[in-house]
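Some notes on the structure that comes next.
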Amino acid sequence: MSDGVVIDKLSLTFKGGSGRPALSAVSIEAPRGAVTGLVGPDGAGKTTLLRIAAGLLLPAAGRVRVLGLDPIVDRQELRERIGYMPQKFGLYEDLTVAENLDLYADLQGVVGAARVERLERLMRMTDLAPFLDRLAGRLSGGMKQKLGLACALVKSPDFLLLDEPTVGVDPVSRRELWRIVDELVVESGIGVLVSTAYLDEAERCTQVVVLDDGEVLEQGTPSDLAASVSGRVFLLTPKVGALPRQIQGSLSGRQGVLDVTIESGRVRVVVAHGEEDLAPCAGGEGIESRSSAHPRFEDAFMAHLSTRRARLEVGEKHATRTSTGDGVAVRVRGLVKRFGDFVAVRDVSFDVREGEIFGLLGPNGAGKSTTFRMLCGLSSITAGEATVAGRDLRRSGKRARARLGYMAQKFSLYGSLNVIENLRYFGTAYGLWGRRLKTRIAESLAEFDLGPRRKDPAAQLPGGYKQRLAMAAALLHEPEILFLDEPTSGVDPIARREFWRRINAVALSGTTVVVTTHFMEEAEYCDRMLIMSRGAELALGTPAEIRESVRTIDRPDPTIEDAFVVLAELRASQQP
Amino acid sequence: MNPRLWLRQVLALALKEFLTILKDPKSRFVVIGPPLVQFIVFGYAATFDVTHVDYAIVDEDRSPESRDLLSRFAGSENFSLVGELGSVNAIATSIDTQESRLVIHVGSDFSARLHAGRTAEVQVILDGRSSNVAGIALGYVQAIVGEWGREWGSARPGPSIEVVERAWFNPSLTSRWFIVGGLPAQIALVVVMLLTSLSVAREREQGTFDQTLVTPIDSLQILIGKAIPPLLLGLFDGLLLSAGAVHWFGVPMTGTLFALTAVLTVYSLAVIGIGLFVSSLATTMQQGLLGAFIVIMPAVLLSGFTTPIENMPEWLQLATVANPARYAVAGCRAVFLEGADLTAVGRYLLPMAIMATLTLSASGWLFRHRSR
Amino acid sequence: MNSSTRPTRGRRAAARRLRGFMRKELLQIRRDPSSIALALVMPVVLILLFGYGVSLDAERIPVAVVLDHPGAAGADLLARLTGSRHFDASRATSLFEAETWMRDHSIEAIVHLGADFERQIAADEQAPVQLILRGIDSNRARLISGYFDAVVGTWSGARLARGERALLPPISISARTWFNPSLRSTDVLVPGLVALVMTLTGALLTALVVAREWERGTMEAILVTPLRATEFLVAKIVPYYILGMGGMVLSVGLGVLLFEVPLRGSFFALFLLSSLFLLASLGLGLAISSTVRVQFVAAQISIIAGFLPAFFLSGLLFDLGSTPVPIQVISHLVPARYFVSASHTLFLAGDLWSVLWPDALALFVMATFFIGIARRRTGTRLDS
């Protein structure tokens, strides 16, 4: 049979690795005319599987057929019939959009009228037409991904392999990418095998394969899988004045509770057995009411994986800090940043109160990163004023810097130094020494569970540990304000939850947290937030206020993501 | 700020730099590979001494005098005879095909003219495709012929001039002393330049520079912290290979070790300044590497390391004033061969110190002011 | 199967892929200032630096003349020295003064005529002349000594012309240097430099290009297209071949026009030999690049395996015949060695095919070998 991808008992172990198989006896069927989603935490083997299907890796054992062809033996024929989009797509950043498309059209042998028609259609689908002459390197993350997809689709493929196509892409662009994929499946009946870290995307797939540690855990339609936790999902509404994240903090880690998230101002809980698991907190802890919720794929996924993982203990920290002054940690007034003629940030003003989690949200290129960099003292301020921890950034940058902690988007500690060496360096850099440095390092190792890895070079740590180390380094000097730049970009759902629990604990101990993110559901973890678009403020307020501002009869219960999309479209329609 | 803490932070920075250099096999290679290759290449391959030059002879005189003269060449280790040519007509082929690089032609009236007290002539035909070898070989020919002539003449009456040569600092005129004497400066240049040109660029590419910039550490501390490891490693390589030059290649060490260290230290600082400047301008490691390359090439060529600065046109000689390598190469040679002590190398230290001050301050300023 | 269902089969499709990928390479070269700098600006800089900066011919060497007992013969010799373009002579009152000048580097040699000199010359005796040199730069010291001998020779000739007795030794050397009569080092350096210039583009720039595709992740996407490994390689070679030949023409042009280096051989021979050499260098660069796949390491290896040997083991600056035997053996593995030798012959002697053929053959073998390795290393999978 020549339909789709058929994989039977596939195994592969990388040489020189840990010796653990990357894939062990994996069997999958991804038919044409359907979207098959591959989900699982980092290192589950998703990318390896896709690469084998594309003929890029040689399988050790098992049988692989794509469109009835062997990816190794029939390589040349297969490469003419599939489209493949690697995770880090191979766009030539020094070529323009049009030149990239032309290159792939030439390589795929798309010529004449067919080429003109195809490129026009792709332009329509991706809205890239106005940017044809722009260098690919100058595109925003979302547009890059769309261009990558367009390049993979230059020749109408019979099967499409996509490796995490929406990582780092803002919600608007994500929706567009999925719309394109859906169109192709419906119109041309092609098959799609897509890996993703976003569980809400998995929900859109025809069928889902859950991978973990190189093994298939489950395979089925998203709704079938979700049904496995039916009756074990609840929504808790907090009392007036109670913070959802406080409830979340106290519930997570409790016996019988598998997953806790915040959703539209309420707390969503998945439990192991049934309602009785929530019994201990029936009355207290600021919970107003409890209702049963319709299970989603994400609930099932988390429930399944959390039983396979060791429980994470996040130590409760007590409020150690008392307010010093007016209760404002960061004050920004009329902030402007210009790069030549280009205004990256125009006249932004806001306050961050002490002890709150403040979110900076917006699509790529909205100016949130620039604002963030100015607040950390990494970028000079063109105009306006910014005070951090009571210090004017323009006058006493050094003093201000001593009071803040910073965690970059990309892992940016010294890869060749080991855990202890990194901590020692950053500790000293922040002015700790002697006994105090020693104690703080010991505390951090315990708190972030880094002890067993203390001598490992940072570059060789698994993703989750890297993140913990970066956070430990940023918190070593117990800063008053912690700045986090896209801390969860490219992090798998499990690590993301763990991370937010830690942030929660940090905020509860009195440290102010300023965070940028493009995961709109994470905005729910923030006390207040600023949504930016094109360098200016789009909305400022609590998640509830922002959701409220877009509530209509058609949208009785909007999420932050809905709010963002509506506000962004509104703003776009106002500007020519 | 507490000065002890300030120093402690500088040390932490330097330690971090050391660890990143020495733990990464690629950087470690920079510290060991290029110096070793240079040591071998410059020690053995880079020589202006010409030995075993292939030559042919045409002896039309066939007198005792001509045979005696020509036998002097056969006895010299600078020359190696490939054969006697039958006639002058064979000279062209012999040179063209590179069978011989020079042909000595003694005309048929050689001995007759000598005995008649007239000037006798020896003709030398050289292959100008290698002008360097040709020039040096001609010098050897002149020396041998001259000496033979003097010996021949001293037995006869008449005025004669005897040129008595004495070469200071290098009596046997070994060119290896000249090349190897400048080597420590050369090695320090390459090692320090490669290490520093990558140090900021690598951190920018990997994002770690931002992570350091958000700490309370100031630019001066970063500058010092970044300068210490390349300084020590450059100095280490330079001194180690100096020892190699003395003990392996037999270069004399007539000056003081202290003066050599001083020259290498100030020189390394100047190069560190340039390297950090290049690195601060670069956004990627590739740019940093290419920048280093673009600096190293002219710095070596215009340093007097292989060819004398005095031979360059005026304007180019003027340009070499801004080249730290020029002073360091001369300084090292002064220590090895001229017996220079600290005061004697002062003239080289001052310009390098000025350059170090300028370039280091410029790159320190760039740390924080080259933001995106 | 007909061509409409399989548009990627057949020659026309292959030609289209090749053209498309090549155009991409050219665009990338055009947009990357650093590759233009390396391929076209560096040659100009190198030619200028070498043309002006690296000269072994010395002029106006400062010397001090010490006459212990001034007289006619001494004045005569001094005049000869002053008249030579090689020397810039000045009188010192005493040997002590001259030695002081020597120590502070203001002169490079001392000519010392002893108190007895005038008497000895007049009495037809042997008259010693002391020449004191700075031996630091031994090469230069020898040169100075040779120039001085020549000055004494002309002095002797002048005495003869005036009817005085000739000075012994009565042998004159008439040197004729073929191909380069005035022994200009520029005439030799510039042809050799062409090798260095082409090594920059050939080995250094191409060492980065395949590694860059791996590092930036573009390789993974390209591998899954119908582009074949051979096409990939050809498309990588052609643009850089054009760029390298451009650098060659540029440096030859500059050498001929600016430094008046003769080009006695034919353009055809120059084109043939430089093509072969460039292909060998490109092959080396691509072989390194596709093997290590990391730009930084590729650049390091390329400098050590390509650039340094082209500089030092090619006969460009230093005479290979005078190096120890192991170094000579290694130099036979360096493509630049054959090209430098051929280039010298080509520029200064002309199309001497008996010399050029062996070099051309060696370069051809090396080009085939390196490109072969590059082809083998350019796999079709990530794990190959």
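Coordinate-derived values only; no laboratory data. Note that the structure is predicted; figures quoted are calculated from it, not measured. With ideal geometry, Cβ positions are generated from the backbone for all residues, glycine too; neighbour counts draw on all protein chains shown.
Numbers at a glance
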item	result
Beta bridges by DSSP in the protein assembly as shown, antiparallel share as percent, to the nearest 5	45 percent
More than 39 Å apart - percent of Cα-Cα pairs taken over chain B	36 percent
Cα-based Rg and Dmax for chain A, where Dmax is the largest Cα-Cα distance (Å)	24.6, 75
Dipole of chain A [Lys/Arg +1, Asp/Glu -1 at C-beta], most positive-end residue of A:304, A:381, A:236	A:381
MRE, 222 nm, helices only [DSSP H, n ≥ 4, -39500 (n - 2.57), over chain C, to nearest 500]	-19000 deg cm²/dmol
Relative intensity, log₁₀ I(q)/I(0), of chain C from a Debye sum that treats every alpha carbon as a point, q = 0.13, 0.14 Å⁻¹	-1.03, -1.13
Estimated FRET transfer efficiency when R0 is 25 angstrom, pair residue C:41-residue C:260 (beta carbons, to 0.05)	0.65
Fewest-first ranking of B:127, A:326, A:341, using other Cβ atoms within 10 Å as the exposure measure	A:341, A:326, B:127
Computed magnitude of the charge dipole of segment C:61-161 (debye, nearest 20; Cβ of K, R +1, Cβ of D, E -1)	320 debye
Between segment C:65-101 and segment A:398-461, the Cα center-to-center distance that results, in Å	73 Å
For segment B:53-168, fraction of C-alpha pairs farther apart than 16 Å, in %	61 percent
Under 5 Å, built H, 5+ apart or other chain: amide partners of residue A:160	A:83, A:191, A:192, A:193
Restraint check, A:15/B:16; A:144/A:368; A:15/A:144, Cα-Cα greater than 22 Å	A:15/B:16; A:15/A:144
Ranked C:351, A:527, criterion: other C-beta atoms within 10 Å, fewest first	C:351, A:527
Degrees, to the nearest 10: B:257-281 long Cα axis against longest axis of chain B	60 degrees
Part-to-part distance (alpha-carbon centres) for segment C:319-363 and segment B:86-149, which is given in Å	25 Å
Mean separation of Cα contacts under 8 Å (6+ apart) over length of segment C:61-161, as relative contact order %	31 percent
Angle in degrees between helix A:560-574 and the longest Cα principal axis of chain A, rounded to the nearest 10	80 degrees
Cα gyration tensor, segment A:356-396 - rounded (a/c under 1.5), prolate or oblate	oblate
Between 0 and 90°, nearest 10: helix A:171-188 axis offset from chain A longest Cα axis	20 degrees
Under-5 Å amide H pairs with residue A:217, H placed in peptide plane, nonlocal only	A:210, A:211, A:212
Theoretical ellipticity at 222 nm over chain A - DSSP helices of four or more residues, -39500 (n - 2.57) apiece, nearest 500	-10000 deg cm²/dmol
Order of B:115, A:304 under a 10 Å beta carbon neighbour criterion, fewest first	B:115, A:304
Where the Cα pairs of the protein assembly as shown fall when distances are cut into 20 Å bins, in %	9, 31, 30, 18, 9, 3, 0
Segment C:61-161: radius of gyration and largest Cα-Cα distance (Dmax), Å	13.2, 40
Phi-based couplings in Hz for segment B:113-125 (Karplus 6.51, -1.76, 1.60; Gly and Pro marked x)	5, 4, 5, 7, x, 9, 6, 8, 10, 10, 9, 10, 10
Equivalent ellipsoid semi-axes - Cα gyration tensor, segment C:251-384, angstrom	29, 17, 15
Trypsin sites (Lys or Arg not before Pro) lying in DSSP loop within segment A:376-485, provided at most 11 other Cβ fall within 10 Å	A:395, A:455
Reciprocal mean inverse distance between Cα atoms of segment B:237-302 - Kirkwood radius, Å	13.9 Å
Exercise: per-residue mean of other protein chain Cβ atoms within 10 Å, B:42-54	6
Rel. contact order, % - alpha carbon contacts under 8 angstrom, at least six apart, segment A:198-310	33 percent
Candidates per trypsin sites (Lys or Arg not before Pro) in segment B:1-102, loop by DSSP, up to 12 other Cβ within 10 Å	B:62
Relative contact order for chain B, counting Cα pairs under 8 Å that sit 6 or more residues apart, in percent	19 percent
Cα centroid of segment B:1-27 to Cα centroid of segment A:24-93, whole Å	45 Å
